[in-house]
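Every number in this text was worked out from the coordinates using simple rules, so none of it is lab data. Note that the structure is a prediction, hence the values are computed from the model and not measured.
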Amino acid sequence: MNLRIFAASLLLAVPAFLEAQTVTYSLPQTTVTVEVDAVQESFFAGPYAAYAKRFLGIDVRETDASRSYVKEVRLVTRVEADPQARYSVETKGVEDRFLALTSQGLVSFQDRLEAGDLVWRFNPQPEADFGTKGVTSQTRTETRTIWKEVETDTAFVRVPVEEAYQVQKTLEMKAQEAADMVLKARRERFNISTGNTDATFSGEALGAAIAELDRVEKEYLTLFTGYTVAREQSGSFDVVPSGSARKYTAFRLNDREGIVTEGAGAVYSLEFSPEEVSDPQTALRDTKNVVHYRIPAVCNVRLTTGGRTLFESRIPVYQLGLEALYPLK
């Protein structure tokens, strides 16, 4: 009795199992990610730059400046589901054939993005800092001679008296002291190198003395010549070709801010030129229960700026290709 009931339940389940199953899927689209490595150089003029010619006889830059340049650019192509191209299909009895089509353009049965999140990495803009350059003080002591009347037993007489007082150093005074330190370090280094000194240096002591004089000269000389800070930047920018547009702004390079997405700066553009492909499946447009899939267009892609082509490559782009049909019946 139990065997007959079990067999009857299997027969009742067969029609439901054979009913058509509807699957929703998305066609693929290609995202081109432009990964950029750039270098930004910020020059800070020395606070005593205006006195470099007068005290040291050298010409130096007197104004701050910045410049940026691209070090390396990489193109990375990723495939993701196109939310504007979603279809449904009945897969009754053809599951194996249907799943095999994923290699011809189907992404998956879910809208799972494969491109991932963009990562932006920018270092803070450097600021001028000459606080640790040089060790001169902000004031100096000067002496002046004044005359005072001194009472004696017989009369008042005027006598010279030296009086010390503090004065605030001007920028020119500070520049003169820094220049004197540079010239003194050079003289000492020359005397030690030529043996024109009372002290005797040899071996490691000689090297250490020369190195210290080099450090002192460089430190004070920086107050005249200024210094440059270089920082590396990295950016990642997504470009999704669509419609009839064939040229897209990938990023901009600003001398002051480095890599930016908008505003002033040199424009770096991606240009897509799809190769011509014919569509042989126009007769299948009205067929019911078909699977849609995309054949990517092979595009010549160029990265350009200022009318110059930086590099050129060939990339398959799904959404610029053909949408084909595969009949399931």
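Brief remarks follow.
- Normalised by residue count, the stretch 285-329 yields a Cα convex hull volume of 65 Å³ per residue.
- Cut-off under 5 Å, modelled amide H: who pairs with D82 long-range: L27, Q29
- For V239, nonlocal amide neighbours, meaning residues 5 or more places apart or on other chains whose placed amide H falls under 5 Å from its own, are V32, T33, V34.
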